[in-house]
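The structure under discussion appears below in the form of structure tokens.
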Amino acid sequence: MFTESFKQAWHLRYGYEPEFDFPELGRFLGHRSVRKYADQPLTDELMSALVAAAQSAATSSNLQLWSVVTLQDKDRLATAAELCGNQEQVKSCGAFFCFIADHRRIKTAAETHGESVEGLEFAEFGIMAIIDAALAAERLVCAAEALGLGICYIGGLRNDPEAIKEFLNLPDGTLGCFGVTVGWPAEPMTAEIKPRLSQQSIWFKETYNSEPTFSEYDERMRAFYEGQKMKGEVTWSMRSARRLGLKHLGGRRILREWLQNQGLFRQ
């Protein structure tokens, strides 16, 4: 479905063509969010293979502090879409993968063997669970894209954590971190590769550079925005800065208190 070479994808990411080539990495640089899907659900066999890829990701101390809930029922997909901010791609995808930071399983194992579970209340274990979920999801995404599937991450799964907890029947000790829509891209496919910050902006050798640079990226993004029928004069840095205001947090403002009530990040 997406056929950009390494050099073509690099040019779209950074605005220039590299002097080197790694053809095998073209599919990784060619990632983009796909929001329109064909009416074709994923088979159980395909989803099982994708979950196997996710479980093959690295996990801290092999604790495997994550789970995934998949949705395919049309009515439940519609409800999930509403809870995630009315995102249409959730309704139309072949399957919606809800990634869960999960302490419940390891807590049960510890209690079964009479071990203390006090550590689970500390931030370290909460961070480990979220990292585990993110690593598993990205491995699933890479596998899906290798098969020609399209994906879109859905952070809106955190918009109303209590409603998601009830909807997915999540126990205490868990958090719905994010969702991933997966499906066969609808024709014609119009999703584009989005430019990224220059490597000089994010890659620092030996020590961190505390003077961020993004003016060059603002200029490159201007053309991208205009191509997407958006206002080019509203730069990336301006759009990003606006996301820091409280009004954009919505229902996520309560996450710290909610997580503590769930037994996560108490200390």
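With a ≥ b ≥ c the root eigenvalues of the C-alpha gyration tensor of region 182-241, is it rounded (a/c under 1.5), prolate (a/b larger than b/c) or oblate?
Numbers: a/c = 3.20, a/b = 1.60, b/c = 2.00.
Judged from the Cα gyration tensor, region 182-241 comes out oblate (a/c at least 1.5, b/c at or above a/b).
Using a Gaussian network model on the chain with a 10 Å cutoff between Cα atoms, which of V90, V69, V117 fluctuates the most?
V117
Between the alpha-carbon centers of region 217-267 and region 91-107, tell me the distance in whole angstrom.
If you average the Cα positions of each part, the centres end up 23 Å apart.
So what's region 33-192 giving for Rg/Rh, alpha carbon basis, Kirkwood Rh from the mean inverse pair distance?
Rg divided by Rh gives 1.00.
Ranked by Cβ crowding within 10 angstrom, fewest neighbours first, how are K165, K231 ordered?
Numbers: K165 17, K231 12.
Listed from fewest to most nearby Cβ atoms, that is K231, K165.
Lys pairs in the chain, Cα-Cα under 16 Å, at least 8 apart or on separate chains: how many? Before the final figure, lay out each step's value.
Details: K7/K194; K36/K74; K36/K91; K74/K91; K194/K229; K194/K231.
Summing the qualifying lysine pairs gives 6.
Please report, ordered by residue number, every helix of the chain (full DSSP H runs) that is 27 Å or longer along its axis going by C-alpha atoms and whose mean Kyte-Doolittle hydropathy reaches 1.0.
Once both thresholds are applied, what remains is 123-146.
Might you report the magnitude of the Cβ-based charge dipole of region 207-267 about its Cα centre, with Lys and Arg at +1 and Asp and Glu at -1, to the nearest 20 debye?
460
How far is the Cα center of region 150-201 from the Cα center of region 16-86, in Å?
Using only Cα atoms to place each centre, the spacing works out to 9 Å.
Among Y37, Y16, Y208, Y225, which comes first, second and so on when ranked by fewest other beta-carbon atoms within 10 Å?
Going from sparsest to densest Cβ surroundings: Y208, Y16, Y225, Y37.
Modelled label-to-label distance, I202 and A123, 7 Å Cα→beta-carbon offset: nm?
Rounded to a tenth, the inter-label distance reads 2.4 nm.
How many nm is it between the label spots at M189 and Q40, if each spot is 7 Å from the Cα in line with the beta carbon?
That separation, rounded to one decimal, is 1.1 nm.
Quick one: R256, R104, fewest Cβ neighbours within 10 Å first, how do they rank?
Starting with the residue having the fewest Cβ neighbours, the order is R256, R104.
What is the sum of charges around H103, taking Lys and Arg as +1, Asp and Glu as -1, for the other residues whose C-beta is under 10 Å from the C-beta of H103?
Values: positive: R104, R105, K107; negative: D102, E121, D172.
For residues surrounding H103, the net value is 0.
7 Å from Cα along Cα→Cβ at both A241 and E162: what's the point-to-point distance in nm?
So the label points at A241 and E162 sit 3.6 nm apart.
Can you tell me how much longer the chain between E4 and A109 gets when fully stretched, taken as 0.36 nm per residue apart minus their C-alpha distance, in nm with one decimal?
Separation in residues times 0.36 nm, less the Cα-Cα distance, equals 33.1 nm.
Sorted by average packing, counted as other Cβ atoms within 10 angstrom per residue and highest first, what order do 130-140, 44-54, 184-194 take?
Going by the mean number of other Cβ atoms within 10 Å, highest first, we get 130-140, 44-54, 184-194.
Here, each number is a calculation from the coordinates, and none is a lab measurement. A quick note: this is a predicted structure, and the numbers were derived from the prediction, not measured. So basically every Cβ, Gly included, is an ideal-geometry build from the backbone, and we count neighbours across all protein chains shown.
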